[in-house]
1. Would you mind giving the mean number of other chain beta-carbons within 10 Å of the Cβ of each residue in A:422-428, as a whole number?
2. Let a ≥ b ≥ c be the square roots of the eigenvalues of the Cα gyration tensor of segment B:210-262; is it rounded (a/c under 1.5), or, if not, prolate (a/b larger than b/c) or oblate?
3. Ignore the peptide's own chain and count Cβ atoms of other chains within 10 Å of each Cβ in B:105-112; give me the average, rounded.
4. Between segment A:188-230 and segment B:110-134, what's the alpha-carbon centroid distance in Å?
5. Just flag the GluC sites (Glu not before Pro) in segment A:98-162 sitting in loop per DSSP whose Cβ has no more than 15 other Cβ atoms within 10 Å.
6. Please name which of A:ILE165, B:ALA391, B:HIS180 has its Cα lying farthest along the dipole of the protein assembly as shown towards the positive end, using unit charges on Cβ (Lys, Arg +1; Asp, Glu -1) and the Cα centre as origin.
7. 222 nm [θ] for the protein assembly as shown, helices only, -39500 (n - 2.57) per DSSP H run of 4+, per residue, to 500?
8. Could you rank A:THR170, B:THR198, A:THR131 by how accessible they are, 1.4 Å probe, largest area first?
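The values are calculated or read from the model by the stated rules, or taken from the named source; none is laboratory data. Just so it is clear, the model here is predicted, and its values are computed rather than measured. We place every Cβ from the backbone using ideal geometry, glycine too, and count neighbours over all the protein chains shown. Surface accessibility is based on the protein's heavy atoms, side chains included, excluding ligands, DNA and RNA. Shrake-Rupley method; radii C 1.70, N 1.55, O 1.52, S 1.80 Å.
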Protein chains: 2
Amino acid sequence: MTNELELNRILFKDYESKIMSAAEAALLIDNNSVVGSSGFTKAGDSKSVLPAFAKRAETEDVAITLITGASLGYTTDSDLANNNALIRRMPFMADPALRKSINEYKVKYIDQHLSETIEQLICGHIAAIDTAIIEASSIDENGNIIPTTSIGNSAFFASQAKKIIIEINTKIPVTFRGIHDSIVPKSYPDRDVINIQTVSDRIGTEFITIDPAKVVGIVFTDITDQPAIISEPDDKTSAISKHLLNFFEKEVEKGKLTYALLPLQAGIGKVANAVLTGFVGSKFKNLTMYSEVLQDSTFELFDSGNMDFASGSSITVSEGCYENVLKNFDKYKNKLILRPQNISNAPEVLRRLGIIGINTAIEFDIYGNVNSTHISGTKMMNGIGGSGDFARNAYLSIFVCQAASKENKISHVLPMVSHVDHTEHDVDILVTDQGLADLRGLCPRERAEVIIENCVHPEYREEIREYFERAKETVGGHTPHILSEAFKFHTRLKETGSMKQ
Amino acid sequence: MTNELELNRILFKDYESKIMSAAEAALLIDNNSVVGSSGFTKAGDSKSVLPAFAKRAETEDVAITLITGASLGYTTDSDLANNNALIRRMPFMADPALRKSINEYKVKYIDQHLSETIEQLICGHIAAIDTAIIEASSIDENGNIIPTTSIGNSAFFASQAKKIIIEINTKIPVTFRGIHDSIVPKSYPDRDVINIQTVSDRIGTEFITIDPAKVVGIVFTDITDQPAIISEPDDKTSAISKHLLNFFEKEVEKGKLTYALLPLQAGIGKVANAVLTGFVGSKFKNLTMYSEVLQDSTFELFDSGNMDFASGSSITVSEGCYENVLKNFDKYKNKLILRPQNISNAPEVLRRLGIIGINTAIEFDIYGNVNSTHISGTKMMNGIGGSGDFARNAYLSIFVCQAASKENKISHVLPMVSHVDHTEHDVDILVTDQGLADLRGLCPRERAEVIIENCVHPEYREEIREYFERAKETVGGHTPHILSEAFKFHTRLKETGSMKQ
């Protein structure tokens, strides 16, 4: 059943007796237990055991609390949700069927800062991991795990779990190693300094240390990560990218930054990707990243010679880029580190390095508050992810979104956001395709001026300005608002299908 | 003019020629310049030069941007505001006349996380300090400053300023030294680890290092800090304290904490003080603090033997406690450290130590979002202070407030807060006199259940529950809200003077 090439992936012979099918492994997961699975934005996720558990739930009344790094690939979350196999889910997801289940309150979703899941587990604020499922490229001679394209929370899950199931993915070459830097924090009050002083500093091991006695199953798979879909830049994302690159140019001219900038962090998605791609062939050299997700643009910037080093928690790329990275791994190996997400997103490290954080907003308001998670204040979209970790601790906290969408029926700049994920205190720069608002050192009324002037879509500018002027006149205060009208764009959308007057 | 006792305070003889009156020093402050002044919650503030500048502004058209540690004592901010001597003010204030000016937009107020003012200055996000005014107890033989009852941002102000004015306060004994730990961060990309691993670790110097060539004036004063007003615990604050102490007892029983707990942080005010006072004579021993403000309760806990060590950025106490600390300084000296506020509030240190943060809310909502700054979403009260630094990075983030006030015309628990300073992601425990809600690991709808059940005042419970039930039925979603009604309590208050139906 298991061939020689597969067995070569296990240098710890005691595990050979643990080899089993995904269906058998799925039976080892207890009903009502807490499962911690590898997987960060589709990279390095469980590709057979969690799907097999979803299959098991088709005929059996079983459900789990599932904690991951971030979102999973393929239809794993859909299948689990559709088969009612999820009680609780955290800290992030981006799956349409699961989203629906969450918004129908069939799954209890706990939306967390990605740096904090391990904190909550280690402190006992949330129930501990019973079973860890970790994707590996191979097992070393001590039974330790060589991870694949992500680390996420895997090292901690393995350390806390009572049982460990390992998925060895033979699609990942055994040579794909040496880029991981695995570490598990100590409990309070013995927590150590996170001694990272440049993006390339290493503080851990190249493998995930585990107790072999806890390994209950080894499963082989040969499925690639689900490819990321890279949208070509369109007029709007190009405009946002241009505004931002102009801004960086000016900061360099003023002597505030060099052309190496400071370590970049970019959220997932086409706007962030367009911004990073904008650096290709530019004057910006010796760039570095200290981010969560390394996307196609990271490798384009390596290839173009504009970027020197990138640290992340996962490599989440398109099919072509995935093949390139695996095939030419030697070329990239010394320029990469993958870290646990409590390290990639650690407030301590972010503030020490001085990150430039670029994240995507669903909507923002005239005073600089940002909504990253909720549609019309009620429906969960994906989750806050790491945006809060980065925005709070960044040298520069930048949020981007289009000014308006859906034939301009929706304005993404509003009098008041319907849900706040990032407060006015944590936002430095806002960018839409219409322009850029630099909020640094401004009080709320000044921010409103520059946001209305630079970021609002022209179709909405007049009405939003009128609101602001009337709020100043009739209510006044530090942050003028007419509370009875603050959500009028949202309620109009609900009533008429458009925010337009 | 200057007597011998005063001159004994200056061991650096070059400064003797710089001795002048406060009125003379105030003339050295340029119109339209940026002034950085010592002073943190009334402690160690400028007691003669800033007041003299306010006086100068009575007859002269001069105004400044004033940056402090936190709030100032006496009527300094009032006098500056009333004489139109302030252009911008940051990062915190708690003065009635200044509050009025801010809400009338006569002063531009930039409300900042207290850890971040230095970050914004060092990065050039806000205009640099022109003149620093620092209170000292004495000057050492190298011209360096021995600070008084606070550090705040003083060390950084002195390092960045072009001109320095020192106020030597002879009310502080020259023996009041050895408790300060002064340090200034390096600029990016050379930022160091903040190597504090226990509350008592020292990383800096006992004095504020300055370039003597920048000193333009030395002024003598003999005015004590304005005393803090300590309100006796009332029924509500006692109830809140009791709920919280019961909670800590249960955490100890569960084995999650020991009776030493973890380092405590408590915001300023009577509720936090009542909670801390509740530990006096309790089973909780070997307590420590890693906080901003050390209040009377800190010294009561030293005296009762319940607390071992306290780190803060200021000592802000009542008249009696002030006299006691100065008189019996040797007794307390080895149990105290005062740090710059970018260190007392450093995300890095807070997450490493695992703080229990107790802060006061103006209002919170059924999903766990907290408003710390704005009355009815518009009028600035005081500012966010350090509450965001602590809440985000705490082991436990606790917010307290009374359930209702003003003959119960105002409910402090609401369907939706009118301004968000701390998001649902950053709040673990909410406490009112009615009870305690433990939100850890709960999704929004579950949080609403425990908050409505435990925290809401009975007069409002039914209406808030009805809102929640109807929002679930008619709108649904992850965080059910009826946006057109979410602020109905606030709008009713505005219309009728009461939130009651």
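1. Across A:422-428, the average partner-chain Cβ count within 10 Å equals 6.
2. Oblate is the answer for segment B:210-262, as a/c is 1.5 or above yet b/c matches or exceeds a/b.
3. Per-residue shielding by partner chains comes out at 5.
4. 39 Å
5. Taking segment A:98-162 and a limit of 15 other Cβ atoms within 10 Å, the loop GluC sites (Glu not before Pro) found are A:GLU104, A:GLU141.
6. Going by the Cα projections, it comes out as B:ALA391.
7. Working: 36 runs with 307 residues, N = 1002.
Rounded to the nearest 500, the figure is -8500 deg cm²/dmol.
8. Details: A:THR170 45, B:THR198 65, A:THR131 0 Å².
The ranking, largest first, comes out as B:THR198, A:THR170, A:THR131.
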